[in-house]
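Presented below is the structure to which this report refers.
The values are calculated or read from the model by the stated rules, or taken from the named source; none is laboratory data. Note that the structure is a prediction, hence the values are computed from the model and not measured. Cβ: placed from backbone, ideal geometry, glycine included. Neighbour counts: every protein chain shown. Side chains included, ligands, DNA and RNA excluded: accessible areas come from the protein's heavy atoms. Shrake-Rupley method; radii C 1.70, N 1.55, O 1.52, S 1.80 Å.
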Amino acid sequence: MVANIRKKLAVLISGRGSNMEAILNATRFKDYPAKICIVISDNPEAKGLETAIKSGIEARSFKRNDYQDKASHEQAIMEAINASGADLICLAGYMRILSSDFTDTYDGRLINIHPSLLPKFKGLNTHQRAITAGEKEHGCTVHYVNSQMDGGKIISQAVVPVLEDDTADTLASRVLIEEHKLYQEVIRNLAKQ
Ligand code: GAR
């Protein structure tokens with residue numbers, strides 16, 4: 001029988017880490033073709049770091065203020081990713097804009113989940129902006145990361161309705177459910193290749 005070789009994932013977070021946890025849950029299934037080898041945060045207080053540690057996953061934090069500049073901060077993160085042997089780098093609520101040095105290093109292996117139907121609503125406050133714009137549909141996107149913020153090639157999207165009485169919070173919750181499913185599915189497909 002051919003050995004089941006699972007692709008290794010580095011997951012970068014800044015906070016809650018619910019997308020990271022969704023990925024972690026998917027990797028518990030024997031037939032899931034990927035596993036998390038490292039979780040990295042720019043925020044030592046990120047709740048997702050605790051979740052990773054409890055699951056026995058290497059968790060590292062790199063606080064921006066501990067580094068002289070953006071380049072040395074990113075360099076330290078890249079060294080940790082490289083040492084982990086990650087095949088695919090997944091941004092999951094990582095709230096820093098990455099330099100082109102970083103994105104070029106992992107070209108084709110660096111993906112992000114964004115809470116809107118890109119190319120609509122790049123950047124922050126996507127849910128409120130969708131409501132204010134009168135959108136009838138909203139959702140989330142997994143895309144490759146390049147040096148353009150939220151501008152890399154789209155891999156897959158999930159759509160939810162915007163309801164009349166939605167607030168940014170109710171809409172965010174509906175989108176988040178889809179984010180978790182979408183990220184699990186996209187990683188499954190990429191890891192199988
Ligand atoms: C998610 O909604 C993710 O799409 C978003 O931050 C949230 C993180 O939640 N990412 C961005 O806005 C990136 N531009 P999580 O920490 O619970 O996964």
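A few notes on this one:
- Loop-resident sites, segment 1-80, for chymotrypsin sites (Phe, Trp or Tyr not before Pro), counting at most 10 other Cβ within 10 Å (DSSP): Phe29
- For segment 47-193, with +1 on Lys and Arg beta carbons and -1 on Asp and Glu, the positive-most of Ile57, Asn112, Ser156 along the dipole: Ile57
- Carbon and sulfur %, accessible surface of the chain computed with the full protein complex present, 1.4 Å: 49
- Largest accessible area first, the listed residues Lys153, Lys30, Lys7, Lys35 line up as Lys30, Lys153, Lys35, Lys7 when surface is computed with a 1.4 Å probe on the assembled protein chains.
- Packing order of peptides 49-61, 180-192, 135-147, highest average first: 135-147, 180-192, 49-61 (average count of other Cβ atoms within 10 Å over each peptide's residues).
- Projecting the Cα atoms of Asn146, Gly93, Thr27 onto the dipole axis of the chain, where Lys and Arg carry +1 and Asp and Glu carry -1 at the beta carbon, places Thr27 farthest toward the positive end.
- If only the Cβ of Lys and Arg carry +1 and only the Cβ of Asp and Glu carry -1, the dipole of segment 33-80 around its Cα centre is close to 180 debye.
- Unit charges on C-beta of K, R, D, E only; dipole of segment 1-142, Debye: 440
- Surface accessible to a 1.4 Å probe, per residue, for the residues of segment 10-86, Å²: 49
- Which listed pairs, of Lys8/Lys30; Lys136/Lys181; Lys30/Lys181; Lys7/Lys63; Lys70/Lys181, have C-alpha distances above 25 Å, in listed order: Lys7/Lys63; Lys70/Lys181
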